[in-house]
Amino acid sequence: MLDIEVVGAIAPQATIAVYFAPNTDAGFLDAVTTAIHDTANKPSVISISWGGPESSWTQQALTAFDSAFEAAAAVGITVCVASGDNGSSDGVADGADHVDFPASSPHALACGGTSLQVSGNAITVESVWNDGAQGGSGGGGVSASFALPPWQAGLETREHRAATRR
């Protein structure tokens, strides 16, 4: 609800359509594909503020959602997805980095929280949102399920750096 209210405040002239579905993979996918193919509202942007650790999704679900996001891109729809609220672990307690899905889909735009400090009308400091271990922080990272897109070809992960030092 908060995301919808923010969009309405930031873009008061925008047409906003909200899609509801059962809280299942199939329900979520149905809501996404319904929005993509909505000929009445014809969305240009789809905003998704929900996800979970990529490692908790089945390969079938990862593939189905990524295919839906690819279809959205093919018809000119940008899919924006929250990058998570639990930092680089994405709430998984194994000490490794985990990225949030569906934000990790190469056909989605992962969006993370940002903390800003301002002076007058100027931004003086901009950093990732981080309220600490008990307060949450922005997610992000590198997918373990999808290859790096071409525009990230030079990106090094912590695992890559460790492997090349051995």
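The values are calculated or read from the model by the stated rules, or taken from the named source; none is laboratory data. Just so it is clear, the structure is predicted and the values come from calculations on it, not from any experiment. Cβ: placed from backbone, ideal geometry, glycine included. Neighbour counts: every protein chain shown. Note: accessible area is taken over every heavy atom of the protein model, side chains too, but ligands, DNA and RNA are not part of it. Shrake-Rupley method; radii C 1.70, N 1.55, O 1.52, S 1.80 Å.
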- Task: Considering only the stretch 116-146, state which residues are of a type in the set (A, V, I, L, M, F, W, C) and loosely packed, with under 10 Cβ neighbours inside 10 Å.
- Result: Ala122, Val125
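Identify all residues within the stretch 114-137 that are of a type in the set (Asp, Glu) and either modelled with pLDDT under 85 or not in a loop (DSSP other than H, G, I, E, B) (or both); write none if there are none. Before you say what the answer is, go through the steps one by one.
Going residue by residue through the stretch 114-137, those that are of a type in the set (Asp, Glu) are 126, 131.
Across the stretch 114-137, the qualifying residue is only Glu126.
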- the stretch 30-69: number of residues that are more than 20 Å from Gly140 (Cα to Cα) and among the charged types (D, E, K, R): 3
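Is it the case that the stretch 91-104 has a residue that's open to solvent by less than 80 Å² (accessible area, probe 1.4 Å), more than 29 Å from Gly135 (Cβ to Cβ) and of a type in the set (Ser, Thr, Tyr)?
Initially, the stretch 91-104 is screened for residues open to solvent by less than 80 Å² (accessible area, probe 1.4 Å), giving 91-92, 95-104.
Now narrow it down to the ones that are more than 29 Å from Gly135 (Cβ to Cβ): none.
No, there is no match, as no residue in the stretch 91-104 is open to solvent by less than 80 Å² (accessible area, probe 1.4 Å), more than 29 Å from Gly135 (Cβ to Cβ) and of a type in the set (Ser, Thr, Tyr).
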- Across (1) open to solvent by less than 80 Å² (accessible area, probe 1.4 Å); (2) out of contact with any Asp or Glu (no Cβ under 7 Å at 6 or more places or on another chain); (3) of a type in the set (A, V, I, L, M, F, W, C), Ala61 clears everything bar (2)
- Query: Checking Gly140 against (1) modelled with pLDDT of 90 or more; (2) under 30 Å from Ala17 (Cα atoms), which single condition isn't satisfied?
  - Reply: (1)
